[in-house]
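Working notes, beginning with the structure itself.
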Amino acid sequence: MPEPTSSDVPAAVTTQNPFVPAPAGPKRVRTRHFHNAKQQGIPITGLTSYDMLTAQIFDAAGIDFLLVGDSAGNNVFGYETTLPVTVDELIPLTRAVARAVTRALVVADMPFGSYETGQTEALHTAVRFMKEAQAHAVKLEGGVRSYKQIKRIVSSGIPVMGHVGFTPQSEHGLGGHIIQGRGDDAERLIEDALAVQEAGAFAVVLEMVPATVAALVTARLEIPTIGVGAGPDVDGQLLVWTDFAGMTDGRVPRFVRQYANVRSVLTDAVHRFKEDVQNGAYPGPEHSYE
């Protein structure tokens, strides 16, 4: 990966894909690489991860950043929404992911109730994720309303990824899973994204936003935009891994493309295991000790 541009760096180096590991070995993805990727028009890739094994797989495959999301509420803890998730629940998950990767940037989601009351609480939560969970950055929802919190965290040396548009932690206030930024709300969305940038965030997630509006926001911002159901004209894409791998049961959001059906594979394997045990086919001599 390239070092920061300077007058003595050859042009061939400065145009190198910032997310491609150098020949000498794997390098950590840093926040500066997000900036370089936007400047060079190189798409950024992100997936959620909540454990060591998936983190290792995604990291080895070259995914640029892993989000330990509060979506763990739905995908790990069995909650109906993300709202009940706590910092204490996310810290061990983040720690497992951070220990597993050698290259990807690990971003910890700051859950509902861990930053809303003010700058001091927000900084305290961010510090916990950096110290106890070994995260590389944190993410929090909200644009204008979270400006002061983001600025305080960034001023303390902690990288922040913003999140505007549909913000799951505010789903009750938004009236459900409603697309944001349509009609007159487009200007408000742009203001939120600009506030995140002005506060010092290194990137911003745009969730469930009309593609045309997301393109406008992307053109206005100097920091990268990461789309979650925001169309193709953003700087990167993020998906919940259990959605894209076909692990979840029931309704899948329109913006998700399922690249596998892992749930079906596991279900078949469990059925075969059960049948083999009941029929006496497992364990066989090759699975037994003498």
Subset of the range 245-290 (residues that are open to solvent by less than 50 Å² (accessible area, probe 1.4 Å) and either at positive phi or assigned to a helix (DSSP H, G or I) (or both)): Gly246, Val262, Ala269
Extreme residue, nearest to Leu93 (Cα to Cα), among residues of the range 30-79 that are charged (D, E, K, R) and in a loop (DSSP other than H, G, I, E, B): Asp51
Criterion: free of Cβ contacts under 8 Å to residues at least 12 places away in the same chain, within 15 Å of Ser71 (Cβ to Cβ) and out of contact with any Phe, Trp or Tyr (no Cβ under 8 Å at 6 or more places or on another chain) - qualifying residue of Val265, Val240, Val277, Val252: Val252
Of the criteria (1) open to solvent by 30 Å² or more (accessible area, probe 1.4 Å); (2) outside any helix (DSSP H, G or I); (3) in contact with a Leu (Cβ under 8 Å, 6 or more places away or on another chain), which one Arg152 fails: (2)
Positions within the range 208-244 being open to solvent by less than 40 Å² (accessible area, probe 1.4 Å) and among the hydroxyl-bearing types (Ser, Thr, Tyr), in sequence order: Thr218, Thr225, Thr242
Residue check for Glu80: open to solvent by 60 Å² or more (accessible area, probe 1.4 Å), acidic (Asp, Glu) and in the same structural domain as His35 (by the TED database): yes
Contacts under 7 angstrom Cβ, first residue in the range 76-89 being over 19 Å from Trp241 (Cβ atoms), partner open to solvent by 40 Å² or more (accessible area, probe 1.4 Å) and assigned to a loop (DSSP other than H, G, I, E, B), 6 or more apart: Leu83/Phe112
The range 181-240 - residue that is of a type outside the set (A, V, I, L, M, F, W, C) and part of a strand (DSSP E or B) and, of those, farthest from Val256 (Cα to Cα): Thr225
Check on Arg99, touching a Gly at 6+ places or on another chain (Cβ under 9 Å), in contact (Cβ under 8 Å) with a residue 40 or more places away in the chain, open to solvent by 10 Å² or more (accessible area, probe 1.4 Å) and of a type in the set (D, E, K, R): no
Odd one out for Glu191, checked against (1) surrounded by fewer than 19 Cβ atoms within 10 Å (Cβ to Cβ); (2) without any contact (Cβ under 8 Å) to a residue 40 or more places away in the chain; (3) acidic (Asp, Glu): (2)
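The values are calculated or read from the model by the stated rules, or taken from the named source; none is laboratory data. Treat the numbers as computed from the prediction; the structure is a model and nothing was measured. Quick reminder, even Gly has a Cβ in these numbers, built from the backbone with ideal geometry, and neighbours come from all protein chains shown. Only protein heavy atoms, including side chains, enter the accessible area calculation; ligands, DNA and RNA are left aside. Shrake-Rupley method; radii C 1.70, N 1.55, O 1.52, S 1.80 Å.
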